[in-house]
Each structure stands twice: as C-alpha cells, then as structure tokens.
Amino acid sequence: MVTHCLRSRALSCVPGARLLTRCKPRLVLGIETSCDDTGAAVVDETGNILGEALYSQKGTHLKAGGIIPTVAQKLHKEHIEKVVQEAVDNSGISPCELTAIATTVKPGLALSLQVGLEYSLKLIEQYKKPFIPIHHMEAHALTVRMLHLVEFPFLVLLVSGGHSLLAIARGVSDFLLLGQTLDEAPGDTLDKVARRLSLKNHPACCTMSGGEAIEYLAKMGNRLHVELTQPMSQHLDCDFSFSGLRNQVNQIIVKKEKEEGFREGQILSCVNDIAAAVQHTVAAHLAKRTHRAILFCKKEGLLPQPNPPLVVSGGVASNEYIRKALQIVTEANGFSLHCPPPKLCTDNGIMIAWNGIEKLRAGVDIVHNPKGIRYEPKEGDGGTRH
C-alpha cells in the first residue's frame, strides 16, 4: 500500500518559484520501478528526505508464487502517478523547484523499467528539468553516503533478489568490479527455497517474503541438523554461485518429504532446521568471498588505511544473521562495516534521488535532451521470476 496517503495536490508550478529558490539546496525527485516496488522521493543535497512514498506489490506476488513481469508492469502503471504526487505533496515543494529528476533505467525487469522511464520523460517535458539516469546497483552502493561520511574509495558488497556483486567504489560513477553472481542472486535463492518449502502456508510466514520467512524460521532452527556443503569454485576469485546450494536443498527436501509422507502444501517438521542451514550457508559464502576481496584490496593497496570501509546494501543486507557474519570478517581484518538501515536496503525512491544528488555534485550523467535515453533490463527477465 502507499504509505501515509495524504490529500492529492496537482503537480503545478508556482510563478516565480525559480527566482525564489536560487539560494536553496538543490532538490532531486527520484523514481524507482526496477522490479516490484513503485517508489518516489524528494531529497536535497544535504541528505534531507523532504517527501517519500512507496507502493509495494509484495502481497500480489506472494499469492502468485513469483513476480510476473506483466502483472508488475500493470501495478506500476496504476500507482506511479499517485506515488510520485504523494512524494511531492509530502515534500511541500512545487515541481518547478526541483533541480532534476532521477530515474532507474537499469538493471531490472524491462516492463517495470519502462513504466518509470516513460512517466519520468513526461514530467521532464512538462517541467523542463534535466534528467539523471540511474544505475540501480550504484544507487544501492551510495545510499550510505547520505547517512555517514564514507569517502571514496571503499569496498562495497551488494546483495539483493536479482543481483550480487563486490566492487571498489572509486567515484560516483566509477566502480571496479571484483566479483559478481555467476548464476542466481542470494535473494533469489532464499525466495526459491521458501517457495519449495511452501512457507506461504506457514501461519507465521504467510505475509512475509521468502527471505524474511527464512530468517524468521532460522532463529528457531539448528543448522547442524541439516548437512549442506559450501559452494565451491575452481578459481580463487570473488564470484558468487548459489544455484548449486538450491539443488542440494531440493534433494534434502525431497528426501524429508518421502520420510514424512508429505502432502502438497504441507510444512515439514524440520523446516526450521532447513531454514537455519540455508541461511548460514548463504551467509558463509558471502563472507568468504568478501574476505577474499578484502585480502586482494590489501595486497594491491587499493583502499585507504587504516580502517577502510566495507559498505553492504541491497535487500538481502537487511538480514541480521548475514550482517553479523560480515561484521566478523570486517573486524578481523581491520575494516569498518557500514550498512544503511533495512528500510533503505530494499528498493526505494530515496536512494534514487540521492544518487541523483551525487551525480549533480559530480557533474556527471546530467541529460538535458533525454530523447535518446533507453532502459536496459537485466538479461533473462522475460518470464515469471521464481
């Protein structure tokens, strides 16, 4: 649902507004529609969140058993105007006072990205504002700088439902990629395991996303009761692989179902232990690859000393167990761990607006004629995302 629904106010300009706001901080409207959340926010260059709104599609997709791109597109179209208007209303400003409009154009679901970009282009044309195209993962990486003084360069781990990567952030639009997912993202793995376990039928988890349900049940489970092997790699790299883990879990579930005379939709008696084992294995894999990246950065002198920062963001970064595993790695290696609060780890308009502020400051990617701008979807996003 859209949060804090206020009275509607037409997006109209105030005569002379541009003259009255010359000395005020620059303001950016951020619009996010990369997947299944419609988000918008107005942020100023000091990091103040003046207004925000979010419509979540989670309930719809939980019932469907996965994100169906055509359904996500339909819901974005139905709610984007209301969400953007609410964010602007909450900010107390006129659209004419905006310095620029920033919108996610990659990566993500093609049909979802299309809605955000097309709506943004209409606003840009109407209010004659510069456009700032945003890379969704770069926005996640820089959100922490809105809250804490984290200087470039820093190591960043981004973990979400659709992506995972390790990189050195050397500037607002300058990232050195160290490793990325080779198959499926950690959030995707957690969601698929949750669906395979029929957690939507669990009375305590029926309103939770897959990752949330796994984390909740894992607190009551014993990971040592379920034997899982860590994802292996023939190369000493920083890449991630989670599909093998999911195959292991599926074999264990099939075995347990036979032992318990399983009926479709039934919850296994050992579900808490399976959740704990899966969560631990995902956390350990992320921690080991991050440790490898830290050692590489130290060897090559790529980060400032002492106490260089590790920034962790993305939806999976909301998981407390995974954060604790990364905290152990950072403390053991003299790094400091920085994570946005859970609300800003998941997709939202605030991080998009802030990334727009960062690009304004740096004077990069500011487009005054956006007619050639295109969205760039993640590969293989045409079907249901299970």
Qualifying residue in segment 125-136 (condition: assigned by TED's automatic domain parsing to the domain that holds ILE267 and among the aromatic types (Phe, Trp, Tyr))
no
Can you spot a residue in segment 39-47 that is at pLDDT 95 or above, over 21 Å from the mean Cα position of the chain (by Cα), among the charged types (D, E, K, R) and crowded, with 24+ Cβ neighbours inside 10 Å?
no
Name the residue that is surrounded by the fewest Cβ atoms within 10 Å (Cβ to Cβ), counting only residues in segment 1-33 that are at pLDDT 95 or above and part of a loop (DSSP other than H, G, I, E, B).
ARG26
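Condition check ((1) β-branched (Val, Ile, Thr); (2) surrounded by fewer than 18 Cβ atoms within 10 Å (Cβ to Cβ)) across all residues:
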residue	(1), (2)
TYR55	no, no
GLY59	no, yes
GLY65	no, yes
LYS74	no, yes
VAL83	yes, no
SER94	no, no
Any residue in segment 343-360 that is under 15 Å from ILE31 (Cα atoms) sitting within a Cβ distance under 6 Å of a residue that is among the acidic types (Asp, Glu) and surrounded by 24 or more Cβ atoms within 10 Å (Cβ to Cβ)? List the pairs, counting only those 6 or more apart or interchain.
ASP347/GLU32; GLY349/GLU32; ILE352/GLU32
If only one of GLU138, GLU86 is outside any loop (DSSP other than H, G, I, E, B), of a type in the set (Asp, Glu) and farther than 22 Å from VAL311 by Cβ, which one is it?
GLU86
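Which ones in segment 188-238 are of a type in the set (Val, Ile, Thr), closer than 17 Å to ILE267 by Cα and at pLDDT below 95?
THR207
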In segment 294-320, which residues are in contact (Cβ under 8 Å) with a residue 60 or more places away in the chain, part of a helix (DSSP H, G or I) and surrounded by fewer than 21 Cβ atoms within 10 Å (Cβ to Cβ)?
PHE296, GLU320
In this structure, is GLY116 part of a loop (DSSP other than H, G, I, E, B) and crowded, with 24+ Cβ neighbours inside 10 Å?
no
Enumeration of residues in segment 163-199 that are hydrophobic (A, V, I, L, M, F, W, C), in a strand (DSSP E or B) and buried (at least 16 other Cβ atoms within 10 Å of the Cβ)
LEU165, LEU166, ALA167, ILE168, ALA169, PHE175, LEU178
Qualifying positions in segment 326-361 - in a loop (DSSP other than H, G, I, E, B) and of a type in the set (Val, Ile, Thr):
THR346
Segment 85-111 residues that are farther than 30 Å from PRO377 by Cβ, paired with ones that are among the polar types (S, T, N, Q) (beta carbon under 6 Å, 6 or more apart)
GLU97/THR21
Which condition from (1) closer than 17 Å to PRO340 by Cα; (2) modelled with pLDDT of 95 or more; (3) in a loop (DSSP other than H, G, I, E, B) is the one that LYS129 breaks?
(1)
Out of the residues in segment 157-173 that are among the polar types (S, T, N, Q) and under 14 Å from the mean Cα position of the chain (by Cα), which is nearest to LEU344 (Cα to Cα)?
SER160
Condition first: among the β-branched types (Val, Ile, Thr) and within 20 Å of GLY315 (Cα to Cα). Can you find one or more residues in segment 230-251 that meet it?
no
Out of (1) touching a Lys or Arg at 6+ places or on another chain (Cβ under 6 Å); (2) closer than 21 Å to VAL316 by Cβ; (3) modelled with pLDDT of 95 or more, the one VAL115 does not meet is (2)
What is the residue count in segment 200-249 for residues that are more than 24 Å from LEU166 (Cβ to Cβ), surrounded by fewer than 17 Cβ atoms within 10 Å (Cβ to Cβ) and within 24 Å of the chain's Cα centre (by Cα)?
4
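Can you find a residue in segment 297-314 that is in the same structural domain as GLN230 (by TED's automatic domain parsing), touching a helix residue (DSSP H, G or I) at 6+ places or on another chain (Cβ under 8 Å) and of a type in the set (Gly, Ala, Ser)? Before the answer, list the steps.
Going residue by residue through segment 297-314, those that are in the same structural domain as GLN230 (by TED's automatic domain parsing) are 297-314.
If we keep only those that are touching a helix residue (DSSP H, G or I) at 6+ places or on another chain (Cβ under 8 Å) as well, we get 302-303, 308, 310-314.
Adding the requirement that they be of a type in the set (Gly, Ala, Ser) leaves 313-314.
Checked segment 297-314: at least one residue is in the same structural domain as GLN230 (by TED's automatic domain parsing), touching a helix residue (DSSP H, G or I) at 6+ places or on another chain (Cβ under 8 Å) and of a type in the set (Gly, Ala, Ser).
For every residue, the table says whether it meets (1) in contact with a Ser or Thr (Cβ under 6 Å, 6 or more places away or on another chain); (2) of a type in the set (Phe, Trp, Tyr); (3) under 21 Å from GLU215 (Cβ atoms).
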{"residue": "ARG263", "(1), (2), (3)": "no, no, no"}
{"residue": "CYS270", "(1), (2), (3)": "no, no, yes"}
{"residue": "HIS280", "(1), (2), (3)": "no, no, yes"}
{"residue": "HIS285", "(1), (2), (3)": "no, no, yes"}
{"residue": "GLY301", "(1), (2), (3)": "no, no, no"}
{"residue": "GLY314", "(1), (2), (3)": "yes, no, yes"}
{"residue": "GLU331", "(1), (2), (3)": "no, no, no"}
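The values are calculated or read from the model by the stated rules, or taken from the named source; none is laboratory data. All of these numbers come straight from a predicted model, not from anything done at the bench. Note that we place each Cβ from the backbone using ideal geometry, even for glycine, and neighbour counts take in every protein chain shown.
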